[in-house]
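Following: one structure in structure tokens, then a few remarks.
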Amino acid sequence: MRTDSSPGNLPAREHLPAGSAGTPVLDVVIPVYNEEKDLQPCVVRLHEHLKRTFPYAFRITVADNASTDTTPQVAARLESEIPEVRSFRLEQKGRGRALRTVWSASDAPILAYMDVDLSTDLNALLPLVAPLISGHSDLAIGSRLARSSRVVRGAKREFISRTYNLILRGSLQARFSDAQCGFKAIRRDVAQVLLPLIEDTGWFFDTEMLVLAERAGLRIHEVPVDWVDDPNSTVHIVKTATDDLKGVWRVGRALATGSLPLDRLARPFGDDPRDRDLTDVPKGLARQLVGFCVVGVLSTLFYLLLYSGFRSFSGSQIANALALLVSAVANTAANRRLTFGVRGRGSAVRHQAQGLVVFGIGLALTSGSLAALNAATSSPAHSTELAVLIAANLAATVLRFLLFRAWVFPDRRDETEASTVVASHNPSSPTYGTTTAAHQQHPQQLPHQQHPHTPLPQRPNATAPQAPYTNYDHNQTNEFRAGEAADRTWGDATMQLQAVRPHDHDPRDTRDAR
């Protein structure tokens, strides 16, 4: 499937309208591990800020991943005391695992997370999620490296952060400025399709999510933030840096081989309804022409180099045939991946076979030109042969592009318009199921799919009960293994989690909120 011409398996971005439904608009996840001292002040401060400034209903979710201190009890007490707070316990460590698990189970249309130390100024939270609510962007990140950001942290962490982002720019062509800032948000419809593609369960989770989203053409909004580093951070810098470099290598290799189905994240052309009504509009023609020209220049140089080498021990016709054959295989593979955006190994053999047919047409043009030259003069100079071959190859190149676009790599939009990807999974495959047009007309038949046009609720009164998570019941304990989320063995996009329960004998924490 060509990513540039795909109609997109994600719906067009639209402003989420305000309404009176009970589902929170925003779900802020706080992943924690052994944070018994900082958790209560963090949640209280965040809750007070949201109650004062956020105009929609919200939820704060504490994602405790395998804490060994009293963090689960603190989280459970906060849940019992504050209606907008939920807590979940995962039995395996990993910030990425915690975020993927809770985000996959959340019913809120906007999902965010922040670190428990609240190093980021909370005034940046509303600007962070506003572009997602309005439909302008798919993801949003806080940036400590923006020109207008104000950051207080040590020289060591500053150097490591900037070096890491330079590595991302050089190796993965990342264009976002700050991959490691613990202050990010994503639309739920995007998360449902993007999260199953992410392998990392630790600190590299953020970077992998951003790189895949950027490569898929999703829009990432950056918000300059004020940041005061936590001097008591328990992050192991050396181990984290090593794991991050391993992740960069893994993701870079996957992108180079085309093994990631990023075309499933494509948006339709134009979010304006008037753009969606346009028909017979060629997609990506300018980009394809540029890519084809670049590949063509390199292929021509490669062809001429091969011809000169083969010509040293064979005749001109044999040298031309051999050079054109080898360069044609390389040209088809390069155009398949770089010009027409076809990823993976599917139909690769068929594409090469069709490319050989195109090669035969080019061979006829170049061989005919050489035959005409030999008929005109008995012993043409080598430079004359090269000039004739260049002119013949230019004519063959134009014909090759037309055949590639119309026959070898045609636009497959008509074949994909009949189905839309829904982020439901089965235990045997990390890929996605499809829903028919009938299901699209009746979205209520899909229990785990958030309808993209569901009205957003206004924030309820302080005494109003907060809507729980999907399949969450205060009177029922649902069993769940956190490893299932990380290993992609869940049954569907909405997972059952094991809720943290307060214990009668837990001591009350009387520390003041900071």
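A short reminder: the numbers here are calculations on the coordinates, not readings from a lab. Since the model is a prediction, treat every value here as computed from it, not as a measurement. FYI the Cβ positions are ideal-geometry reconstructions off the backbone, even for glycines, and counts take in every protein chain you see.
What the Cβ-Cβ distance of residue 240 and residue 361 gives, at R0 = 60 Å and to the nearest 0.05, is a FRET efficiency of 0.65. Only the Cβ atoms of Lys and Arg (+1) and of Asp and Glu (-1) were treated as charged; on that basis the dipole of segment 289-409 about its Cα centre amounts to roughly 540 debye. Using only alpha carbons, segment 291-332 has a radius of gyration to Kirkwood radius ratio (Rg to Rh) of 1.02. Here the scattering of segment 1-142 is modelled by Debye summation over its C-alpha atoms, one equal scatterer each and no solvent; at q = 0.14, 0.21 Å⁻¹ the log10 of I(q)/I(0) is -0.68, -1.35. Note on residue 386 and residue 290: the model spin-label points, each 7 Å out from Cα along the C-beta direction, lie 3.0 nm apart. Count Lys and Arg as plus one, Asp and Glu as minus one, and take only other residues whose Cβ is under 12 Å from that of residue 182; the net charge is then -3. For the pair segment 352-387 / segment 28-99, the C-alpha centres are spaced 71 Å from each other. Amide H contacts of residue 198: none lie under 5 Å away among residues 5 or more positions distant or on a separate chain (H built 1.01 Å from N in the peptide plane; Pro and chain starts excluded). Comparing Cα centroids, segment 293-318 and segment 196-228 end up 43 angstrom apart. Looking at the square roots a ≥ b ≥ c of the eigenvalues of the Cα gyration tensor of segment 109-198, which shape do they give, rounded for a/c under 1.5, prolate if a/b is larger than b/c, or oblate? Oblate. Each residue of segment 238-248 is assigned a 3J(HN,Hα), and the resulting list reads 5, 5, 5, 5, 5, 5, 5, 5, 5, x, 4 Hz, derived from the Karplus form 6.51 cos²θ - 1.76 cosθ + 1.60 (θ = phi - 60°), x at Gly and Pro.
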